[in-house]
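See below for the structure under consideration.
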Amino acid sequence: MKSQQRSRKRGVILTPQGLQKLQNAKSQSESNENFDKHYTREVLGFRMGLDPDTVAKVFACEMGVDRQTLNYCFQAFKLPLEPNDYQLANPDINPQEDYTKIPNRIDWGEAPDVSLFYGRTEELATLKHWILAESTPEQPIPCRLITLLGMGGIGKTCLSVKLAQQIQNQFKFVIWRYRSFRLLH
């Protein structure tokens, strides 16, 4: 007797529109109900009636889940799950294939909401220039690493999120992870 476990195929992921809708509702709830503090995966899992790892899969939009799982996520924030909020997962994407064939992929993870971001225009311009600058005799290679340093609470994280949002279309991938993001060519 074989003890081979058979995995279920799960077939849907959030569309960019569906993800944005869910993230906006989550941010609104965090603001209204959680004193502007981000929900942990565990808290979201409890609220949605799902395992925290499943919650992570939903927000990552990489691994397919069943439609009912997405429905639980939306219901947790009193949102209707509409057909244009999800799409079939593509099981045929091979991670080893040429990434130039894959359209821009964006995963904001648990990045803070910066919709009410003001100021810092000089800093944003400087950072954009460092990252997007073409090679010149003075700067033969664009910056590959930038470190934002400063006292806690002065807005380093929000500055980096705003910057990444403003230049995201210049990169194939944007991946945000806790207090860290990468823009990959």
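Report yes if K156 is under 14 Å from the mean Cα position of the chain (by Cα) and modelled with pLDDT of 80 or more, otherwise no.
No: the conditions fail for K156.
Out of the stretch 85-115, which residues are assigned to a helix (DSSP H, G or I) and either surrounded by fewer than 10 Cβ atoms within 10 Å (Cβ to Cβ) or modelled with pLDDT under 75 (or both)?
Y99, T100, K101
Got at least one residue in the stretch 119-134 being at pLDDT 75 or above, within 30 Å of E42 (Cβ to Cβ) and not in a helix (DSSP H, G or I)?
no
The values are calculated or read from the model by the stated rules, or taken from the named source; none is laboratory data. All figures in this text were calculated on a predicted structure; none of them were measured in a lab. All Cβ positions, glycine included, derive from the backbone under ideal geometry; neighbour counts span all protein chains shown.
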